[in-house]
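The values are calculated or read from the model by the stated rules, or taken from the named source; none is laboratory data. From a predicted model like this one, the values you see are computed outputs, not experimental measurements. Neighbour counts are summed over all protein chains in view; Cβ atoms, including those assigned to glycine, are modelled from backbone coordinates with ideal geometry. These area figures cover heavy atoms from the full protein model, side chains too; ligands, DNA and RNA do not enter into them. Shrake-Rupley method; radii C 1.70, N 1.55, O 1.52, S 1.80 Å.
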Amino acid sequence: MDVTRTASIEEAVKQALAGFGRIDILINDAGVIGAPGWQEREIPTEADWEAAFQVNVKGLVFTSRVVAEHMKARRSGKIVNIASVAGRIGRAAHPHYSSSKAGVINWTQAHAQMLAPFNINVNAICPGVLWTPMWDTLATRMINLDSKLKGKTSRQVFEGIVKERIPLGREQTPEDIGNVAVFLCSEVAHNITGQSINVDGGWFMN
């Protein structure tokens with residue numbers, strides 16, 4: 001599914017309904033940092049800003065709207081948006097990405113209010129530092145832009161960030177994020193909505 005194309009979203013939802021009869025859960029997880037080649041630019045371009053908001057915000061909003069119509073009819077559903085701790089504070093290295101994730105947090109609150117009368121929960125997860133292809137690319141970019149990091153591998157840079165910024169002193173994993181998503185989509189969390197939960201080892205506390 002291409003979240004930047006409404007027709008693609010509608011087709012994916014159509015196929016899901018044909019295959020399963022209903023949609024109980026939506027996890028909005030599509031995300032980009034910028035347009036192709038973003039890692040080679042020190043200052044984000046207009047294309048980087050456009051890509052970040054097109055996928056991270058508008059794609060999430062439009063996917064949620066299409067799916068929510070089916071949930072509203074059944075008066076039941078769980079929506080979980082994957083934001084980021086980057087959305088908690090502006091980052092000079094990638095302000096376009098941070099701004100888009102702040103938008104996800106704000107949209108989560110707004111959409112939760114809109115769907116509460118239909119018994120639909122909307123929450124967000126803010127992942128911290130996970131060793132993924134995206135972070136590998138980020139660390140490589142840092143090495144290219146900072147002479148102090150020359151000679152280090154991307155993994156070493158990543159581990160240095162974990163040591164420096166994470167109070168618990170350990171990186172987060174996709175399983176950590178998945179476990180919180182499972183919790184938010186369960187009936188145990190039926191009274192939680194409009195919240196953005198940090199899963200970041202204590203990096204940001206609020």
Taking only the range 1-39 into account, find how many residues are part of a loop (DSSP other than H, G, I, E, B), out of contact with any helix residue (DSSP H, G or I) (no Cβ under 7 Å at 6 or more places or on another chain) and of a type in the set (Lys, Arg). 1
Qualifying residue in the range 3-24 (condition: touching a Lys or Arg at 6+ places or on another chain (Cβ under 6 Å), closer than 21 Å to Val122 by Cβ and in contact (Cβ under 8 Å) with a residue 40 or more places away in the chain): no
Exactly one of Val122, Val104 is in a strand (DSSP E or B) and either within 30 Å of Phe20 (Cβ to Cβ) or within 13 Å of the chain's Cα centre (by Cα) (or both), and that residue is Val122
Could you tell me which of the residues Asn206, Asn191, Asn179 is in contact (Cβ under 8 Å) with a residue 40 or more places away in the chain and open to solvent by 100 Å² or more (accessible area, probe 1.4 Å)? Asn206
How many residues are surrounded by fewer than 20 Cβ atoms within 10 Å (Cβ to Cβ) and either under 26 Å from Glu11 (Cα atoms) or basic (Lys, Arg) (or both) if we restrict to the range 37-54? 4
Selection within the range 59-105 - open to solvent by 30 Å² or more (accessible area, probe 1.4 Å), of a type in the set (S, T, N, Q) and over 16 Å from Asn121 (Cα atoms): Ser99
Are any residues in the range 127-153 small (Gly, Ala, Ser), in a helix (DSSP H, G or I) and under 22 Å from the mean Cα position of the chain (by Cα), and if so, which ones? Ala139
